[in-house]
1. So what is the relative contact order of the chain, in percent, for Cα pairs below 8 Å that sit 6 or more residues apart?
2. For region 20-264, compute Rh as the Kirkwood radius over C-alpha pairs and then the Stokes-Einstein diffusion coefficient at 25 °C and 0.890 mPa s; write the answer in µm²/s, rounded to an integer.
3. Work out, step by step, the length gained on full extension between residue 124 and residue 211: first 0.36 nm times the residue separation, then minus their alpha carbon distance; give nm to one decimal.
């Protein structure tokens, strides 16, 4: 079995302040959160009851897009801004289809590292590792990924609904372009980004952003489709989460809540 490389997380984790990854884990039905996270999640849900279907649809896009890439022959995945491990993580999804898949997670939250080390057993044929780094630090991300992945061969770059945490648009766009430029031809980008489902949702998120939690900036698809400039979008293109290759588990409650797409790097 392949386990992630142990890394000692720096500093003390402040559990008194809600953290976006832990609140998200709570909405997905996970157990890796603290009272402050649950309180923040409950307050958000009271104002916007569709937040749990929203989170499930985001996870559903990740599952379907990673499954598609694994079926297309991708055997290496780099999941940037991975968040807390929960149900149907990238390595679990990919290795169900191809046990030899190798997966690297990147996140800057040391609590994520602790949970990945506790959770993380890969298949014996494949591998899984974790890089503790800010996703904007391209050199640290790729250097860490190279411990496990062969970056001269195609990689599935997964950026799942985390770019809203980067407040400056140019920083978010630059992050994606730097990573894409460093991956070989035949690699893929699987990316999703949230937009507000309605004005109530937008108002609740603004209050949450002002609460001390890590902010998330909603952006409209007319803007975020720029992440795929110069790439070859696969069918059905850049669309709302429920409309990207839906299956029997796909929800329909939040058609405007988020968009996603998968594109080949030429």
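Every read-out reported here was derived from the displayed coordinates using simple, explicitly stated rules and does not represent laboratory data. Computed from a predicted model, the values in this text were never measured in an experiment.
1. Numbers: 514 pairs, mean separation 56.8, N = 266.
Relative contact order comes out at 21 percent.
2. Values: Rh = 18.0 Å.
D = 136 µm²/s.
3. Details: separation 87, 0.36 × 87 = 31.32 nm, distance 4.35 nm.
This chain segment gains 27.0 nm when fully extended.
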